[in-house]
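Enquirer: Pasting a structure below so you can have a look.
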Amino acid sequence: MDRLKVLSLFSGCGGMDLGILGNFKYLNQNYHKLPTEIVYAIDNDPSAVEIYNANFQHNCLLGDIKTINEKELPNHDILMGGFPCQSFSIVAQNPPRLGIKDEKGQLFFEICRILKEKQPRFFIAENVKGILSANQKRAFPLIIQEFQKVGYNISYQVFNASDYGIPQKRERVFIIGFKHFEDCFKFQFPQPITTRNKIPLKLVLDEQIEDKYFFSQKAVDGMLKAKETMNKGRVQNIDEPCNTISAHLAKVSLNSTDPVLKEGQLYRRFTPRETARIQSFPDNFRLDVVSENRQYKAIGNAVPPVLMWHISQQIINLIVEEEKQKYSLECA
Ligand SMILES: C[S@@+](CC[C@H](N)C(=O)[O-])C[C@H]1O[C@@H](n2cnc3c(N)ncnc32)[C@H](O)[C@@H]1O
């Protein structure tokens, strides 16, 4: 089978990209190479692009998607993009959720602009679960309508990463667009794998942790005093998957709602490497090309590669089945 050409928008540090390419190992499992190649990738965050380019053989361009001339883009079979989600997220309530009225919330129109011109066979878009309820539930149907207007049949589903061998309860919506109705009809989202036997957080934690990751006694005392009345100190149960890792981890404090760890009487943040593991990046995925703050941000924004691999595999299966049928007809 010919390799499927993929166009990657809002590529970040490449979580989706690693997932759709495959050929990586995570928690002793091999996620085999998929018959795909990335023909174009772009993001406007210099640090994310630096991490991306340290990990892939092809290059991600640093640039603003709004400046791309869609006619100059290479032809491709799959367009993918986790469009920016801040304005849809229920976590980001300050400032309040603006949804599609916000400039960032409108970046999906850029995806539509490119789909309209290039008409790839599939697209995969990812966003936070909050997109389903944004703008009093009006934003999501509008987004779907826009995708339909440019010629696509749509299927979507909310996924919990912890159902797919990932130690994180991250919930995200995946919207898959199909140029051909038969593809949409035949497509099946991947079945959960670890619904009953979830991967616990402790499997991805390190034992030797540098002092700088521990909170000071002053911060701990302050948090303990305030804890009765406020929802603070999100200590994780290491026997369960972790709460969602976000880009905000760069600024984690004991007063924020981000997940932290308690070891004896000590509290600490995750290391960037642990964060990457919680997101299902393999240990050979390089992070050390930018500052730790930038690493947290890029990793927190990423799509878990393992989840993306499972979803991509289902699209590949459609093509494999199609080729099998063609072959059996030719041989009959
Ligand atoms: C949710 S993150 C994508 C994460 C990525 N899919 C991954 O799996 O690692 C959204 C990305 O959109 C990028 N972005 C935001 N506005 C952009 C623009 N106007 N042009 C290009 N990229 C943009 C951000 O820098 C960020 O990396």
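Enquirer: Which residue is surrounded by the most Cβ atoms within 10 Å (Cβ to Cβ), if the candidates are limited to segment 130-163 and must be of a type in the set (A, V, I, L, M) and more than 20 Å from the chain's Cα centre (by Cα)?
Expert: Step one: list which residues in segment 130-163 are of a type in the set (A, V, I, L, M), which gives 131-132, 134, 139, 142-144, 150, 154, 158, 161.
This time we only want the ones that are more than 20 Å from the chain's Cα centre (by Cα), so: 139, 142, 150.
Values: ALA139: 23, LEU142: 13, VAL150: 16.
Looking at residues that are of a type in the set (A, V, I, L, M) and more than 20 Å from the chain's Cα centre (by Cα), I get ALA139.
Enquirer: If you scan segment 12-25, which residues turn out to be part of a strand (DSSP E or B) and away from the ligand (no atom under 15 Å from the Cβ)? Steps first, please.
Expert: Of the residues in segment 12-25, the ones part of a strand (DSSP E or B) are 24-25.
Of everything in segment 12-25, just one residue is part of a strand (DSSP E or B) and away from the ligand (no atom under 15 Å from the Cβ), namely LYS25.
Enquirer: Could we say that ASP211 is over 30 Å from ILE114 (Cβ atoms) and surrounded by fewer than 16 Cβ atoms within 10 Å (Cβ to Cβ) here? Write out each step before concluding.
Expert: Working: over 30 Å from ILE114 (Cβ atoms): yes; surrounded by fewer than 16 Cβ atoms within 10 Å (Cβ to Cβ): yes.
Yes; evaluated as a whole, the condition is true for this residue.
Enquirer: Considering (1) touching a Pro at 6+ places or on another chain (Cβ under 9 Å); (2) in contact (Cβ under 8 Å) with a residue 24 or more places away in the chain, say which one ARG286 fails and leave the rest.
Expert: Checking ARG286 against (1) touching a Pro at 6+ places or on another chain (Cβ under 9 Å); (2) in contact (Cβ under 8 Å) with a residue 24 or more places away in the chain, the one that fails is (1).
Enquirer: Six or more apart or on different chains, Cβ atoms under 8 Å: show the pairs whose first residue is in segment 118-147 and more than 23 Å from LYS186 (Cα to Cα) and whose second is among the aromatic types (Phe, Trp, Tyr) and not in a helix (DSSP H, G or I).
Expert: That search, which allows pairs on different chains as well, returns ASN127/PHE83; ASN127/PHE88; VAL128/PHE88; GLY130/PHE88; ILE131/PHE88; ALA134/PHE88; ALA139/PHE88.
Enquirer: Does SER291 satisfy the criteria of being of a type in the set (Ser, Thr, Tyr), out of contact with any Gly (no Cβ under 6 Å at 6 or more places or on another chain) and in contact (Cβ under 8 Å) with a residue 12 or more places away in the chain?
Expert: yes
Enquirer: Same structure again: Quickly run through segment 242-258 and pick out the residues that are open to solvent by less than 10 Å² (accessible area, probe 1.4 Å) and modelled with pLDDT of 90 or more.
Expert: Within segment 242-258, CYS242, ILE245 meet the criteria.
Enquirer: When you check ASN127 against the structure, is it buried (at least 21 other Cβ atoms within 10 Å of the Cβ), out of contact with any Asp or Glu (no Cβ under 9 Å at 6 or more places or on another chain) and not β-branched (Val, Ile, Thr), yes or no?
Expert: Values: buried (at least 21 other Cβ atoms within 10 Å of the Cβ): yes; out of contact with any Asp or Glu (no Cβ under 9 Å at 6 or more places or on another chain): yes; not β-branched (Val, Ile, Thr): yes.
Against the criterion (buried (at least 21 other Cβ atoms within 10 Å of the Cβ), out of contact with any Asp or Glu (no Cβ under 9 Å at 6 or more places or on another chain) and not β-branched (Val, Ile, Thr)), ASN127 qualifies.
Enquirer: So, one more: Output the residues belonging to segment 182-208 that are open to solvent by less than 70 Å² (accessible area, probe 1.4 Å) and modelled with pLDDT of 95 or more. Lay out the reasoning, then the answer.
Expert: Taking segment 182-208 and keeping what is open to solvent by less than 70 Å² (accessible area, probe 1.4 Å), we get 183-184, 187, 189-190, 192, 194, 199-201, 204-206.
Those that are open to solvent by less than 70 Å² (accessible area, probe 1.4 Å) and modelled with pLDDT of 95 or more: ASP183, CYS184, PHE187, PHE189, PRO190, PRO192, ILE199, PRO200, LEU201, VAL204, LEU205, ASP206.
Enquirer: Going through ASP77, ASP64, ASP2 one at a time, which residue ends up being open to solvent by 40 Å² or more (accessible area, probe 1.4 Å), farther than 30 Å from THR257 by Cβ and within 11 Å of the ligand (Cβ to nearest atom)?
Expert: Values: ASP77 fails: within 11 Å of the ligand (Cβ to nearest atom); ASP2 fails: within 11 Å of the ligand (Cβ to nearest atom).
Selected residue: ASP64, the only one of ASP77, ASP64, ASP2 that is open to solvent by 40 Å² or more (accessible area, probe 1.4 Å), farther than 30 Å from THR257 by Cβ and within 11 Å of the ligand (Cβ to nearest atom).
The values are calculated or read from the model by the stated rules, or taken from the named source; none is laboratory data. Here the structure is a predicted model, which is why all the values come from computation and not from measurement. We place every Cβ from the backbone using ideal geometry, glycine too, and count neighbours over all the protein chains shown. The protein model used for the area step is the full one, side chains on, heavy atoms only, and it has no ligands, DNA or RNA in it. Shrake-Rupley method; radii C 1.70, N 1.55, O 1.52, S 1.80 Å.
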